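**Student:** The structure follows.
The values are calculated or read from the model by the stated rules, or taken from the named source; none is laboratory data. Just so you know, these numbers come straight off a predicted model, no measurement behind them. Every residue, glycine among them, receives a Cβ derived from its backbone with ideal geometry; neighbour counts consider all protein chains shown. Side chains are part of the model used for accessible areas, which takes the heavy atoms of the whole protein and leaves out ligands, DNA and RNA. Shrake-Rupley method; radii C 1.70, N 1.55, O 1.52, S 1.80 Å.
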Amino acid sequence: MTTLPIRRSYTPVSLANVTIDDAFWSPRLEANRTQTIPIEYEQCRITGRIDALLLQWQPGQPIPHIFWDSDIAKWAEAASYSLTTHPDPALDAQLDEVIALLAGAQQPDGYLNSHYTAVEPENRWTNLRDNHELYCAGHLIEAGVAHFAATGKRTLLDVVSRYADYIATVFGREEGQKRGYPGHEEIELALVKLYRVTGERRYLELAAYFVDERGQQPHYFDQEAVARGDDPAAYHFKSYRYSQSHIPVREQREVVGHAVRAMYLYTAMADLAGELGDATLLEALEALWRHLCTRNLYITGGVGVSSANEGFTQDYDLPNLSAYAETCASIGLVFWMHRMLQLRCDGRYADVMERALYNGVISGVSLDGARFFYENPLASRGDHHRQAWFDCACCPPNIARLLASLGEYIYAANDDEIAVHLYIQGAASVTLGGQTVTLRQTTNYPWDGDVAVTLAMAQPARFGLRLRIPGWCRRAAVSINGEPVDMEGKLAQRYLTLVRTWQPGDRVTLAFAMPVEQVYAHPDVQQNVNCVALQRGPLIYCLEQVDHATPLHHLRLPAGAELTPRLAADLLGGVVVLDGEALAAETGDWANTLYRSAPPVLVPAPVQAIPYYAWDNRDPGAMCVWLPLAEMGGD
Ligand code: FUB
Ligand code: ZN
């Protein structure tokens, strides 16, 4: 292993030290806290997920699903983050009850899985490829870490530590151990969290083992299939690309397979690169990042195009109507980018994190927090709607835990610097050089690009303030206490670093020009040939049928058409819409005609675009992100 000076050089400012008081995000976080989290508990209850922890399943009854435990764990993690920012004795008590059930379901050796223990105890660890035991364990560990951080209680942390200790006896390279690893990655990143909270290096080593062992030959999934009496060649997904275990992780250069699995694996690889100073992991991650962003990422931050493998297909294959773009995959992308930012404060990662967050992640939940998308297509004929729950309910609690912990994604710090990754109104307290610095952001982002950052501390303090200049912004102006800042020599990797002895009350203002952009796709994205998408700031826009008299598929946008932002305070919780004029194909003169040599007559038609995340919150109807152009731009 090459050891380079790679380390986790920026630590996120923790949730407990961040407040969010933001016109855009606060209503979402409030809906998450008051609607989504309680709804998810109730769904876990009425669907039998919670009772399954009593381990009373009897033959003939519906079988507890193999990853039900993960839904409860993600709910517990979300609820714990919520307690961090909003103390709530009733939720605290509800968590205690669920944790008591989890503790009661833990076996004497530390094993904890409601499906296997109750339904098929003899088959523990016999199908890592398909059956999610380690995935569920990972989510339980993440919940234990979050619960401890929120409450200081060790109840769940002790349970999951005991489980992790037991797992460490089962898996490894010692005589008598299984050289297995999960079919669905998750436990790797969770073990890094467990290591960080307990300081126990064995958890980091177990995470590294799982990552290093992945894709080695002879292939573990072949061996365990044979041991089960199965033919490895009969594997449903045919190739281990599905679980990114086709080759060892350090040799991987292309994003393949199931998208959520991929995102969780890359997240763990980034964590390990930082903890172990492992440049070979970072090298692979850089290539994977490039492959994703230059060939396989939806403009909304959606990841994974096909329902067949819930994942990637071929380069540039980015269908709109049938886009899978699972909410969990965009969430996983946020996790991965957040980890990359901890290694390198590079705006390329922050841009992708922001793209996913403001578009393909929050489209996953309705504005009232009560309904969810699993798939986030970029076009709809009017038949795709959020649902109250799913049999496979991975997405709702995933979005709940991300939103409840949003505070952690905004700032990062090290001994000399505070970095601002996201512009969200609120405050952060950071201890730097022995004193606490409070940084307050005032902004109406993403509706406009003005941000003010004010510093409060007892004494003047020398440090670097690293401010992200978003990749979408072509013109930025910055001033300190009203004095314009010359950015020359201060801008690197899309962050402006201002190093000085800061005085209490110093105020930095940023003005990001935020015009409407018409964005083209690479010509190899066949589905978007001769189309544009509309973007303003970090937001991708779409058209919804409910705003248009003409069927959306009749509309063509003249290249370079002017679109004007307008605040629609009463629409969709208050959004900036884009107003403009398009051309609509007339059909009156096509009666009884399917084909003809004369093109359709085009007549002016008003269009109103809304932010993509907000679609399907009104009357059901068609939606599209990519708009056909009336004529190609250019000379
Ligand atoms: O398999 C567990 C979760 O369910 C995956 O992450 C999702 O893609 C869904 O298949
Ligand atoms: Zn999901």
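**Student:** Could you state the principal axis extents of the C-alpha atoms in the chain, from the largest down, to the nearest angstrom?
**Tutor:** That gives 74, 73, 50 Å along the principal axes, largest extent first.
**Student:** First measure r as the distance between the Cβ atoms of residue 234 and residue 619, then evaluate 1/(1 + (r/R0)^6) with R0 = 45 Å and state the FRET efficiency to the nearest 0.05.
**Tutor:** Efficiency, from the Cβ-Cβ distance: 0.45.
**Student:** Another question, if that's okay. Nearest 20 debye, what's the magnitude of the dipole of region 517-628 about its Cα centre given +1 on Lys and Arg Cβ and -1 on Asp and Glu Cβ?
**Tutor:** Approximately 140 debye in magnitude.
**Student:** Ok, one more. Could you give me the ³J(HN,Hα) list for region 196-213, computed from phi with Karplus coefficients 6.51, -1.76, 1.60 and θ = phi - 60°, whole Hz, x at Gly and Pro?
**Tutor:** Here the 3J(HN,Hα) series is 5, 7, 9, x, 8, 5, 4, 6, 5, 5, 5, 4, 5, 4, 4, 5, 5, 6 Hz.
**Student:** Dimensions of region 344-426 along principal axes (Cα, Å, largest first)?
**Tutor:** Extents along the principal axes: 51, 24, 23 Å.
**Student:** How do the peptides 621-631, 452-462 rank, highest first, by the average count of neighbouring beta carbon atoms within 10 Å per residue?
**Tutor:** 621-631, 452-462
**Student:** Then there is this: If r is the Cβ-Cβ distance from residue 474 to residue 100 and R0 is 60 Å, what FRET efficiency results, to the nearest 0.05?
**Tutor:** Computed FRET efficiency for residue 474 and residue 100 comes out at 0.60.
**Student:** What does the highest-first list of 232-245, 340-353 look like by mean Cβ count within 10 Å?
**Tutor:** Listed from highest to lowest mean packing, they are 340-353, 232-245.
**Student:** Applying the Karplus parametrisation 6.51 cos²θ - 1.76 cosθ + 1.60 with θ = phi - 60° to the phi angles of region 343-357, what ³J(HN,Hα) value in whole Hz is obtained for each residue in order, glycine and proline being reported as x?
**Tutor:** 7, 9, 7, 10, x, 4, 6, 5, 4, 5, 4, 5, 4, 5, 4
**Student:** Determine the calculated [θ] at 222 nm for the chain from helices alone, applying -39500 (n - 2.57) to every DSSP H run no shorter than 4 residues and normalising by the residue count; nearest 500 deg cm²/dmol.
**Tutor:** It comes out at -9500 deg cm²/dmol, rounded to the nearest 500.
**Student:** Right, here's the next one. Convex hull volume of the Cα atoms in region 170-253, per residue, in Å³?
**Tutor:** Considering the Cα atoms of region 170-253, their hull volume per residue is 104 Å³.
**Student:** Any idea what % of Cα-Cα pairs in region 1-100 are farther than 19 Å?
**Tutor:** 56
**Student:** Going by average Cβ density within 10 Å per residue, which order do the peptides 491-499, 68-76 take, highest to lowest?
**Tutor:** Result, highest mean first: 68-76, 491-499.
**Student:** Further question on the same structure: Report the extension gain between residue 93 and residue 54 in nm, rounded to one decimal, defined as 0.36 nm multiplied by the number of residues separating them, less their alpha carbon distance.
**Tutor:** 12.2 nm
**Student:** All other residues with a Cβ under 15 Å from the Cβ of residue 424 taken together, and with Lys, Arg as +1 and Asp, Glu as -1, what is their net charge?
**Tutor:** Numbers: positive: 28, 440, 468; negative: 21, 22, 30, 354, 408, 448, 450.
Residues close to residue 424 contribute a combined charge of -4.
**Student:** Extending each Cα 7 Å along its Cβ direction at residue 294 and residue 86, get the distance between those two points in nm, one decimal.
**Tutor:** Output for this residue pair reads 4.4 nm.
**Student:** May I pose another question? Grab every C-alpha pair in region 416-512, bin the distances at 5 angstrom width from 0 up to the longest one, and report whole percents.
**Tutor:** 3, 13, 26, 28, 19, 9, 2, 0
**Student:** For the residue pair residue 487 and residue 153, what label-to-label distance in nm results when each label sits 7 Å from Cα along the Cα-to-beta-carbon direction?
**Tutor:** Using points 7 Å along Cα→Cβ, the separation is 4.8 nm.
**Student:** Another question about this same structure. Please go through the residue pairs 74/178; 153/193; 74/153; 74/238 and name each one whose alpha carbons sit more than 25 Å apart in this structure.
**Tutor:** 74/178; 74/238
**Student:** Given a 1.4 Å probe and every protein chain left where it sits, what share in percent of the accessible area of the chain is carbon and sulfur? Write down the numbers at each step before the final one.
**Tutor:** Numbers: 12230 of 24310 Å².
Carbon and sulfur: 50 percent of the exposed surface of the chain.
**Student:** With θ set to phi - 60°, apply the Karplus curve 6.51 cos²θ - 1.76 cosθ + 1.60 along region 102-114 and write out the HN-Hα couplings as whole Hz, x wherever there is a Gly or Pro.
**Tutor:** 4, 4, x, 7, 6, 7, x, 7, x, 4, 8, 7, 5
**Student:** So with the 1.4 Å probe, I'd like the accessible area per residue for the chain, rounded to whole Å².
**Tutor:** 38
**Student:** Hey, another quick one. Taking Cα atoms of region 517-628, Rg/Rh with Kirkwood Rh, to two decimals?
**Tutor:** On the Cα set of region 517-628, Rg over Rh gives 0.99.
**Student:** Here is a further query. Taking R0 as 60 Å, what FRET efficiency do you get between residue 569 and residue 286 from their Cβ-Cβ distance, rounded to the nearest 0.05?
**Tutor:** Values: r = 43 Å, r/R0 = 0.72.
Using R0 = 60 Å, I get an efficiency of 0.90.
**Student:** Report the percentage of all Cα-Cα pairs in region 364-472 whose separation exceeds 18 Å, rounded to a whole percent. Spell out each step's value before the answer.
**Tutor:** Values: 3678 of 5886 pairs.
Here the tail beyond 18 Å accounts for 62 percent of pairs.
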